[in-house]
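Trainee: The structure that follows is given in the form of structure tokens.
Derivation of every value follows stated rules applied to the coordinates shown; laboratory data play no part. Keep in mind the model is a prediction, meaning the values are calculated, not measured. Methodologically, a virtual Cβ is constructed for each residue, glycine included, from the backbone with ideal geometry; neighbour enumeration extends over all protein chains shown.
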């Protein structure tokens, strides 16, 4: 039994290297990542996923699952790439403050369904990211300061295990696997659907304010002042932007889980900074939450690096402002803290984040600037020195990095033990495997 037999056991589309459309089917969202897989399977439903896993188990094959390909690492040579985009149902149960989403559903869909009911999930900044992929890796987003990791909002997983058997995993039915799936990635089972807790969002205020480069220091000063006293309902991110072919700019991205009057008062410090190029602060429908950061919605070649910071103060600002952003296109600092530092008794593998800020460095992945982009990223990290903790949230790992960078030694050891027990034949491979170096 081989890969060529897949069409005999599946209802969904099977695409092999010799087929038209194979290269497109393997494409990751980051176009710098190549995926040399042996086949692509577009599952028709959860039964298809189970049939695929049973086939892979019998044939000694390995499956890697990507709903949308946002977290692709490229470490997939010879594997079967499972696409779950067709499993995209979203069912909101408002009276229970729960949502059930299929493995292919994206955050934009969830927010559009929950928002009119006065509810939100703990989404990230990009509406095109899959709910399942983001959540399996922990998920740090707009309301994580208030409610923690998205993974800790999961109440149940529908899975297919390494034997190809469907199942439902909850804290009561299988506490070890439930813990691992909440932040430990996709190494332990294929998740075909999950149930997430939703949170009240009757009001939401936010937006983006953009200034020209000469206001950068003032904007950083405001960022430091606001984040020093920010309530957990308020998230503020600062960006130094260098768009290709355009002048450099500095922006603040803002989201406040509350009313417009309170939000405007909390952000009044911003009004003291002149020369704003644009300011779209106002009431934000939950469905439009993904528009605040204005992140790209189409695949593109990029090189990203993220680092957690032990702090961010005036000295760190001096370090960052001493040099231009180029050849990067964005140098971002996100304010974390709050609930992320306080894992509850039922927290998953993500644990807690002691670090109060997240640094993001993004540049184009085009051949003529790729080396310079990586060099600049390394330079920024070296310049910041002791501000960089060395740990990274699992969901922001980049090609060449490993799961060991995201977990404590004890958490990684526990994840590896669960992996060996639940998938001894390595039927599943996450983007960043817990058994990697």
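Trainee: Taking N as the number of residues in segment 90-200, what value does Rg over Cα atoms divided by 2.2 N^0.38 Å take? Before the final figure, lay out the partial values.
Mentor: Values: Rg = 13.0 Å, N = 111, 2.2 N^0.38 = 13.2 Å.
For segment 90-200, the normalised Cα radius of gyration comes out at 0.99.
Trainee: Could you work out the relative contact order of segment 205-396, using alpha carbon pairs under 8 angstrom and six or more residues apart, expressed as a whole percent? Don't jump to the answer; show the numbers that get you there.
Mentor: Values: 330 pairs, mean separation 50.5, N = 192.
Computed over segment 205-396, the figure is 26 percent.
Trainee: Could you check the simple spin-label distance between residue 314 and residue 326, using points 7 Å along Cα→Cβ, in nm with one decimal?
Mentor: 3.1 nm
Trainee: Determine, for 68, 151, the number of other Cβ atoms within 10 Å of each Cβ, and report the residues in order from fewest to most. Can you show the working numbers first?
Mentor: On the way: 68 22, 151 27.
Exposure proxy ranking, most exposed first: 68, 151.
Trainee: Turning to a different aspect of this structure: Please report the antiparallel percentage of DSSP beta bridges with both residues in the chain, rounded to the nearest 5.
Mentor: The antiparallel fraction comes to roughly 90 percent.
Trainee: Taking Cα centroids, how far is segment 374-425 from segment 349-373 in Å?
Mentor: 12 Å
Trainee: Something else now. Going 7 Å from the Cα of residue 224 toward and past its Cβ, which residues in segment 242-275 have a backbone nitrogen under 20 Å from where you end up?
Mentor: Only 250-253, 267-274 pass the distance filter.
Trainee: When the scattering of segment 46-153 is computed by the Debye formula from its Cα atoms alone, each counted once and equally, what is log10 I(q)/I(0) at q = 0.14, 0.16, 0.21, 0.24 Å⁻¹?
Mentor: Cα-only, vacuum Debye calculation for segment 46-153: -0.61, -0.76, -1.12, -1.32.
Trainee: Could you state the principal axis extents of the C-alpha atoms in the chain, from the largest down, to the nearest angstrom?
Mentor: Extents along the principal axes, in whole Å: 68, 53, 41.
Trainee: Still on this structure, please answer the following. Divide, for segment 222-283, the radius of gyration over alpha carbons by 2.2 N^0.38 Å, where N is the residue count. Mind showing how you got there, number by number?
Mentor: Working: Rg = 12.6 Å, N = 62, 2.2 N^0.38 = 10.6 Å.
Normalised Cα radius of gyration, segment 222-283: 1.19.
Trainee: Ok, one more. Could you identify which residue out of 82, 397, 320 has the top mean-square fluctuation in a GNM of the chain using Cα springs shorter than 10 Å?
Mentor: Per the Cα network of the chain with a 10 Å cutoff, 320 tops the list.
Trainee: Taking only Cα atoms, what is the 0 to 90° angle, nearest 10, from helix 409-422's long axis to the longest principal axis of the chain?
Mentor: 20 degrees
Trainee: Counting alpha carbon pairs within less than 8 Å and at least 6 residues apart, what relative contact order, in whole percent, applies to segment 3-83? Could you put the intermediate results ahead of the total?
Mentor: Working: 137 pairs, mean separation 28.8, N = 81.
36 percent.
Trainee: Per residue and in cubic angstrom, what volume does the convex hull of the Cα atoms of segment 307-393 have? All intermediate terms of the calculation are to be shown ahead of the outcome.
Mentor: Working: hull volume 8.6 nm³, N = 87.
Taking only Cα atoms, segment 307-393 has a hull volume of 99 Å³ per residue.
Trainee: Here's another thing I want to ask about it. Which whole number in µm²/s is D for segment 205-396 by Stokes-Einstein, with the Kirkwood Rh taken over Cα pairs at 4 °C and 1.567 mPa s? Please report the intermediate quantities before stating the final value.
Mentor: Details: Rh = 17.5 Å.
Reported coefficient: 74 µm²/s.
Trainee: Taking Cα pairs under 8 Å and at least six residues apart, what relative contact order does the chain come out at, in percent? Each step should come with its number before you reach the end.
Mentor: Details: 1029 pairs, mean separation 77.7, N = 437.
Computed value for the chain: 18 percent relative contact order.
Trainee: When the chain is modelled as a GNM with alpha-carbon springs shorter than 10 Å, which of 65, 251, 27 fluctuates the most?
Mentor: Its mean-square fluctuation being the largest, the pick is 27.
Trainee: If each residue's Cβ is checked for other Cβ atoms within 10 Å, how do 392, 146 rank with the fewest at the top? Numbers along the way, then the final one.
Mentor: Values: 392 21, 146 17.
Neighbour counts put them in this order, fewest first: 146, 392.
Trainee: May I ask you to give the average projected area over all directions of the convex hull of the Cα atoms of segment 3-83, in nm² rounded to one decimal? Each step should come with its number before you reach the end.
Mentor: Numbers: hull surface 19.4 nm².
Mean projected area for segment 3-83: 4.9 nm², to one decimal.
Trainee: Between residue 294 and residue 58, with labels modelled 7 Å along Cα→Cβ, what's the label distance in nm to one decimal, could you check?
Mentor: Label at residue 294, label at residue 58, 5.4 nm between them.
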